[in-house]
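Undergrad: I'd like to ask you about the structure that follows.
The values are calculated or read from the model by the stated rules, or taken from the named source; none is laboratory data. Note that the structure is a prediction, hence the values are computed from the model and not measured. Please note: Cβ atoms are built from the backbone with ideal geometry, for glycine as well, and neighbour counts cover all protein chains shown.
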There are 2 protein chains.
Amino acid sequence: MSTYQQIVLASRPQGHVSPGNFRLERVPVPVLQPGQLLVRNHYLSVDPYMRMRMEDVKSYAEPQAINAVMVGGTVGEVIESNNPRFKVGEFVAGGFGWSEMGVSDGTGLRRLDTSRIPLSAYLGAAGMPGMTAWYGLTQIIAPKAGETVVVSAASGAVGSVVGQLARLRGCRAVGIAGGPDKCRYVVEELGFDACVDYKAGRLVQDLQEAAPAGIDGLFENVGGEVFDACLGRMNPFGRIALCGLISAYEGEAVMLRNVRNLLTMRLSLRGFIVSEHMDLWPQGLAELGALLAEGKLKYRESVAQGLRSAPEALIGLLRGKNFGKQLVRLID
Amino acid sequence: MSTYQQIVLASRPQGHVSPGNFRLERVPVPVLQPGQLLVRNHYLSVDPYMRMRMEDVKSYAEPQAINAVMVGGTVGEVIESNNPRFKVGEFVAGGFGWSEMGVSDGTGLRRLDTSRIPLSAYLGAAGMPGMTAWYGLTQIIAPKAGETVVVSAASGAVGSVVGQLARLRGCRAVGIAGGPDKCRYVVEELGFDACVDYKAGRLVQDLQEAAPAGIDGLFENVGGEVFDACLGRMNPFGRIALCGLISAYEGEAVMLRNVRNLLTMRLSLRGFIVSEHMDLWPQGLAELGALLAEGKLKYRESVAQGLRSAPEALIGLLRGKNFGKQLVRLID
C-alpha cells in the first residue's frame with residue numbers, strides 16, 4: 001500500500017449536511033520520521049458533535065478547517081513503528097479522523113487491550129461516548145438511589161450507557177428514543193425501567209407514565225421538544241446534564257414552554273464537553289471497562305462499511321437512523 | 001382604630017393580572033392573646049414573584065389561596081405587645097401581606113435598626129431583594145475581578161444591587177433596562193459601566209458594545225428575548241443565576257435561538273429562591289447593611305400611596321412601569 005484514502009470537508013453545510021460537503025482524496029503513505037508510527041485504522045467513530053465542528057461559529061473547539069481531514073476518533077493497528085513505546089501489531093485509539101491511516105509521534109494515543117473488550121467498543125462504551133455518559137451522570141446528575149434519571153437518545157452510544165449506569169446505582173432509568181424497535185431494545189436488552197417513543201405523538205403523557213414520580217436527573221442529548229417535555233416534569237432541585245442538542249445543531253430556534261421550571265423547580269443545568277475533564281478518564285474508564293468485560297454493560301453498533309460510507313453515516317446519525325453506536329469499518 | 005383593611009385574592013388571573021382579581025376587605029382588629037403582638041405596617045413590598053403565587057400551578061411555594069390575604073413582605077411598628085421580646089414602638093420586618101396590620105407571636109419577625117438605614121430599605125436593598133442579589137451573585141455567579149457581569153431589570157430592587165456588588169468586586173457591570181431614563185440612572189447614579197436599553201430595538205448590537213469581552217456572569221430576572229440575547233454572548237464556563245422570568249410569568253412560551261450556547265460554552269445555570277438559603281442571610285445582610293449605612297449602595301423606590309393602590313402597583317411592576325423598588329406606603 002503506497003497510498004490511502006481520506007475524506008476532507010469540502011464546504012460548510014447550509015442547513016442540512018449533504019454528501020457534497022465532503023470530498024474523498026487519495027494520498028501517499030508518508031515515510032516515517034524517527035519517533036513516528038503508522039496506524040492502519042480499523043474503525044472510525046461517527047458522532048453528533050461533528051455537525052457543530054463543520055460550522056464556522058464560536059464554539060468549544062475550532063471549526064473543522066475546509067480541505068482538512070474530517071476530525072474524529074479512530075481505533076486501529078500499528079503497522080509500522082519508529083517509536084519505542086509502540087510495537088507493530090499493537091492496537092491504539094487515536095484521533096486520526098476520517099482516514100484509512102494515520103501518522104503520529106505517539107502523543108495522545110492510547111494502547112488498547114482487546115483480550116476482553118472488542119476493539120470497536122473503545123470508540124463506544126469504553127471510549128469517549130462511555131466517558132461522556134459516566135461524566136454527566138456521576139459528576140453533574142450525581143443521582144441517589146431511588147431517584148428517576150431520564151436520558152434522551154437512549155439507544156445511542158451515550159444514552160445507552162447513562163441508563164445502565166443509573167440502574168446500577170439504584171435509580172429508575174427512563175429512556176427516550178425514536179420508534180418502537182429502539183424503545184423495545186432499551187427496555188428489554190439494556191434493562192431500562194421504561195422507554196418513551198417520542199415519535200408516537202404522546203410525549204407528555206407517555207413521559208408522565210414512565211416517570212410517575214417526576215424527573216430528578218435529566219441527561220439531555222437532543223434538545224427541542226423532547227427537552228421541553230422533560231423540563232415540564234422535573235422535580236425540585238433536579239439536575240440537568242446538557243450533553244448534546246442534536247435537534248439544534250442545524251440551526252433551528254427552539255420554542256420552549258417550560259423554561260419557567262428552571263426557576264420554579266430550582267434546577268441546575270450544566271453543559272459539558274468530556275474532553276475537558278481528562279483527569280477523570282482513568283476513573284471512569286476503569287469502571288466502564290470492568291463492566292464491559294463482565295458483560296454488565298451492553299451496547300449495540302451500527303456499522304457502515306468503507307471510508308466512503310462515512311458522510312451518509314453522519315447524515316443518518318443526525319436523522320436518528322443509526323441504532324446504537326455509529327461506526328465506519330475500514331477493514332474488509 | 002377598631003378595624004383595618006386588607007386585600008385578598010378574589011380570583012386567579014387568566015393571562016394578565018387585572019384589578020378584578022383582588023378584593024379589599026375591612027376586618028376588626030383582633031384582641032391579642034398572651035405572647036402576641038400587633039404591628040401596624042408602614043410599607044408593603046410588591047414583588048414579581050407574587051404573580052406566580054397567584055396561579056394554581058406546581059411551583060416552589062403553595063399557591064396563594066383564594067380569599068386569603070395576598071402574601072408579601074412588610075415593615076411596620078409594634079403598636080401593642082403581649083410579647084416580652086418586642087416592645088411597643090419597635091420596628092419589625094414580617095410577612096403580613098397586603099394588610100394594614102398584622103398579628104404575630106413573634107416567629108419570623110426581624111427587629112430593625114432604623115437609626116442608619118431607612119425603614120423602607122428593609123424591604124429592598126437591606127431585605128429580601130438585596131439578599132436575592134447577594135446570593136445569586138456571590139453563590140452562583142461567584143465572579144472574579146475583571147469579569148463581566150450582566151443583569152437584567154437593572155434599575156429594579158434586585159438588579160440595582162447585583163451591579164453595584166459586582167462593581168465592588170472589581171467586575172465590569174452591565175445593566176439591561178427599559179428606556180433611556182432607567183439606563184441613565186443605572187450608569188450615572190448606580191455606577192454601572194454600561195446599560196443597554198432593551199426597548200431601543202438594537203439589543204444584540206448594544207449588548208455587544210456594552211460587553212465587548214463577552215459575558216461571564218448573567219443574573220437573569222426577565223427571560224425571553226433579553227435572556228436569549230445574553231445567552232448569545234456568554235463566554236466559556238459562564239454562570240447564569242436564574243432569579244426571575246418576569247416575561248414568562250404570564251404563561252407565554254419562549255422562543256430561544258441561543259440554547260445551543262448552553263452546551264457549546266459549557267455554561268452553568270441555576271434557578272434559586274433566596275428564602276431557601278436562610279443560613280446565608282446573616283452574612284449577606286451584614287454586608288448589605290454596612291454598605292447602605294456607608295452610602296456605598298444606592299437604591300431608588302417607587303412608592304404607591306395607600307393599600308388600595310397595591311393591585312395597580314403589582315400590575316405596573318409586571319409591565320416594567322416601576323422605577324426601582326416598588327413599595328406601597330400604608331401610613332399618611
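Conditions (1) in contact (Cβ under 8 Å) with a residue 60 or more places away in the chain; (2) touching a helix residue (DSSP H, G or I) at 6+ places or on another chain (Cβ under 7 Å), marked per residue:
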residue: A:Asn261; (1), (2): no, yes
residue: A:Val274; (1), (2): yes, yes
residue: A:His277; (1), (2): yes, yes
residue: A:Ala286; (1), (2): no, no
residue: A:Ala290; (1), (2): no, no
residue: A:Arg308; (1), (2): yes, no
residue: A:Pro311; (1), (2): yes, yes
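Undergrad: Next question, about the same structure. Which residue, of B:Ala173, B:Ala142, B:Ala153, is crowded, with 24+ Cβ neighbours inside 10 Å and on the phi > 0 side of the Ramachandran plot?
TA: Sole residue among the options that is crowded, with 24+ Cβ neighbours inside 10 Å and on the phi > 0 side of the Ramachandran plot: B:Ala153.
Undergrad: Sticking with this structure for a sec: Among B:Gly179, B:Gly136, which is in contact (Cβ under 8 Å) with a residue 24 or more places away in the chain and either closer than 14 Å to B:Leu218 by Cβ or of a type outside the set (Val, Ile, Thr) (or both)?
TA: B:Gly136
Undergrad: Can you find, within the stretch A:123-135, the residue that is farthest from A:Met278 (Cα to Cα) among those that are touching a Lys or Arg at 6+ places or on another chain (Cβ under 8 Å) and part of a helix (DSSP H, G or I)?
TA: A:Leu123
Undergrad: One residue is enough: does the stretch B:98-116 have a residue meeting the conditions assigned to a strand (DSSP E or B), exposed (fewer than 15 other Cβ atoms within 10 Å of the Cβ) and not aromatic (Phe, Trp, Tyr)?
TA: Yes, some residue in the stretch B:98-116 is assigned to a strand (DSSP E or B), exposed (fewer than 15 other Cβ atoms within 10 Å of the Cβ) and not aromatic (Phe, Trp, Tyr).
Undergrad: Also, quick follow-up: Give the residues of the stretch A:192-216 that are in contact (Cβ under 8 Å) with a residue 60 or more places away in the chain and within 14 Å of chain B (Cβ to nearest Cβ), sorted by residue number.
TA: Scanning the stretch A:192-216 gives A:Ala213, A:Gly214, A:Ile215.
Undergrad: Here is a further query. Taking the stretch B:136-154 on its own, how many of its residues are modelled with pLDDT of 95 or more and assigned to a loop (DSSP other than H, G, I, E, B)?
TA: Of the residues in that region, 7 qualify.
Undergrad: So B:Phe219 clears everything in (1) in contact with a Gly (Cβ under 6 Å, 6 or more places away or on another chain); (2) away from every other protein chain (no Cβ under 13 Å) except one condition, right? Which one?
TA: (2)
Undergrad: Kindly evaluate A:Gly295 against the criterion of being touching a residue at least 24 places away in the same chain (Cβ under 8 Å) and among the small types (Gly, Ala, Ser).
TA: It is false that A:Gly295 is touching a residue at least 24 places away in the same chain (Cβ under 8 Å) and among the small types (Gly, Ala, Ser).
Undergrad: One residue is enough: does the stretch A:58-71 have a residue meeting the conditions among the acidic types (Asp, Glu) and either at pLDDT below 95 or under 22 Å from A:Val17 (Cα atoms) (or both)?
TA: Checked the stretch A:58-71: at least one residue is among the acidic types (Asp, Glu) and either at pLDDT below 95 or under 22 Å from A:Val17 (Cα atoms) (or both).
Undergrad: Can you confirm whether B:Leu256 is in contact with a strand residue (DSSP E or B) (Cβ under 9 Å, 6 or more places away or on another chain) and not assigned by TED's automatic domain parsing to the domain that holds B:Asp47?
TA: yes
Undergrad: Determine which member of the set A:Ser45, A:Ser11 is in contact (Cβ under 8 Å) with a residue 40 or more places away in the chain and loosely packed, with under 14 Cβ neighbours inside 10 Å.
TA: None of the other options fit; the residue is A:Ser11.
Undergrad: Taking the stretch B:112-148, which residues are touching a Phe, Trp or Tyr at 6+ places or on another chain (Cβ under 7 Å) and farther than 14 Å from B:Glu301 by Cα?
TA: B:Leu112, B:Thr114, B:Met131, B:Tyr135, B:Gly136, B:Leu137, B:Ile140, B:Ile141
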